[in-house]
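**Q** The following block contains the structure, expressed as structure tokens.
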Amino acid sequence: MAPQQLCKLAGFIGLMFLPACLHAAENQQNLLDIYQLAVSSDPVLASARSANLASQEKIVQGRALLLPSAILNGNASHSDTEITFSGVTPFKDGAKSFENYGYSFNVTQPLFRMQNLVQYQQSRIQVAQADKQLLRAQQELILRVAKAYFDVLLAQDKIALINAQKSAINRQLEQANANFEVGTATITDVNEAQARYDLTLAQEIAAINELEVNKRAIQSIIGQMPANLTAVRSDLNTSMPEPHEMEQWVGIAEQNNLLLLIQRQALEIANKEVERNQAGHYPTLDAVGSYSDNRSNGSANGFGNNLQNGSIGVQLQIPIYQGGAISSKTREAAANKQKAQDEVETARRQAELEARQAYLGVSSAVAQVKAYEQALKSSQSQLDSTNLGYEVGVRTSVDVLNAQQQLFTAKQNLLQARYQYLLSGLKLKSSAGQLNEADLAEINQQLLKENSAEPASPTVTVAESAAPTIPPAAKRSFDKKSATVKKGKNKP
């Protein structure tokens, strides 16, 4: 793609995003602001809340199996009867019409139903499991919000660095053109600078697109486009997590990891399911009581009646044979219990792995931040030395471009390591089942205060960096015959 086309494309993207950037500039949002919006708007968390609310009813349903049940029945009917008597009888043949009315009231109180008792115990475990699942959804929301937030900041940092790099290469390109005009540089120097500039334009377009995608990721969580996000302080404090030993975190994860706790409760539920099916072989004993009142104003023999009846007692049922269904269900439940045991072991190993990965992520990020801070200083010194060498003629313009590239790479790596440190710390606490909103609040303290004069990680609005231009001097064409080198010292 020609440089002019790259410029037009980058400018078009910048203009497309400009209204959103101008609107976002009116507001400033920090990490806690985004999280609070997510708590009230995230559909994933809303779904988890609804699932938890539905699960709370299981304990009510289980308790109902232990409580008495009462049933009221009523009936009314009209009868038309044609009757003929045979033999000697005092009754007369003919048609008769009469009505019947009645009602009955039946009460049953379970005295011994092992299946119902086990199911009630099972429902209590299911409710506790649902609470853990909701808590896990809340922890996952914290991680999703933090990752999306830091992804946007990193994309903004990339744009700022690319913009600064583009300006530096542009100055180098103009200098190369000027030196070429006076014969102190070769066409190779110009072409190298031009190629680096064009590559930076392409990187800028990709970075602008990445920023928009990352902002849309936040929008999918909070239901709206984010405003300007508060950046992380440049003096971010990085330290090893407490406790310092990785095995201690692994031990905490094996006790408190939410997914592991959920799977352990699933095993308890499966065990209760085995007990419930085995209880299908047990007898049941109920206390029963009934009262009925039936009335009729006539009958086939011509007489009406009024019958009232009340009874109270116990009812015993002993299952003898049900086609093998109970035994089959018990075997099925036992197999599911073994499956749950295997899933507990899987969750335990996963919790251990996540704790180790997160701990190593934090420790690695701490070391990387220090290393990249030193690399940044070294790269800056190298660039200064290379510029000086270029001025005295012992370094080429390509050396300067390489030194500039190394400096900007070190800056980007440092910023990425800082975000990785913050996110890995949250993942570590999540693996240990300890992550909560207070941890976000702690990170929020590492952000710049609104209207603060303190320098932060470099950020730039899309509108400022979205319309790159090619310097007029870089657009000229060169004749191969003019690609000559004059001996002498390079001039800045």
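No value in this document is a laboratory result; all are computed from the given coordinates. Source: prediction; values computed, not measured. Positions of Cβ are generated from backbone atoms using ideal geometry, with glycine treated the same way; all protein chains shown enter the neighbour counts.
**Q** How large is the charge dipole for segment 328-436, taken about the Cα centre, if only the Cβ atoms of Lys, Arg (+1) and Asp, Glu (-1) carry charge, to the nearest 20 debye?
**A** Roughly 540 debye, rounded to the nearest 20.
**Q** I need the Kirkwood Rh of segment 85-212: take the reciprocal of the average 1/r across all distinct C-alpha pairs and report it in angstrom.
**A** 24.3
**Q** Arrange the peptides 359-369, 420-430, 72-82 so that the one whose residues have, on average, the most other Cβ atoms within 10 Å appears first.
**A** 420-430, 359-369, 72-82
**Q** Kindly put Tyr372, Tyr149, Tyr282 in sequence by how many other C-beta atoms sit within 10 Å of each C-beta, fewest to most.
**A** By the 10 Å Cβ count, ascending: Tyr282, Tyr372, Tyr149.
**Q** For segment 411-440 and segment 317-346, write down the distance between their C-alpha centroids in whole Å.
**A** About 44 Å separates the Cα centre of segment 411-440 from the one of segment 317-346.
**Q** Turning to a different aspect of this structure: Could you tell me the center-to-center distance, by alpha carbons, between segment 368-384 and segment 153-169 in angstrom?
**A** Cα centroid to Cα centroid, the span is 17 Å.
**Q** Okay, moving on. I need the semi-axes of the equivalent ellipsoid of segment 312-435: take the C-alpha gyration tensor, multiply each eigenvalue by 5, square-root it, list largest first in whole angstrom.
**A** 69, 15, 10
**Q** Sticking with this one: Taking the Cα atoms of segment 206-321, report the difference between the largest and smallest coordinate on each principal axis, in whole Å and largest first.
**A** 103, 41, 26
**Q** Can you give the Kirkwood hydrodynamic radius of segment 35-155 from its Cα pairs, in Å with one decimal?
**A** Evaluated on segment 35-155, it is 21.0 Å.
**Q** Regarding segment 233-381, what are the three Cα extents along the principal axes, ordered largest first, in Å?
**A** Per principal axis, max minus min of the Cα coordinates gives 121, 37, 24 Å.
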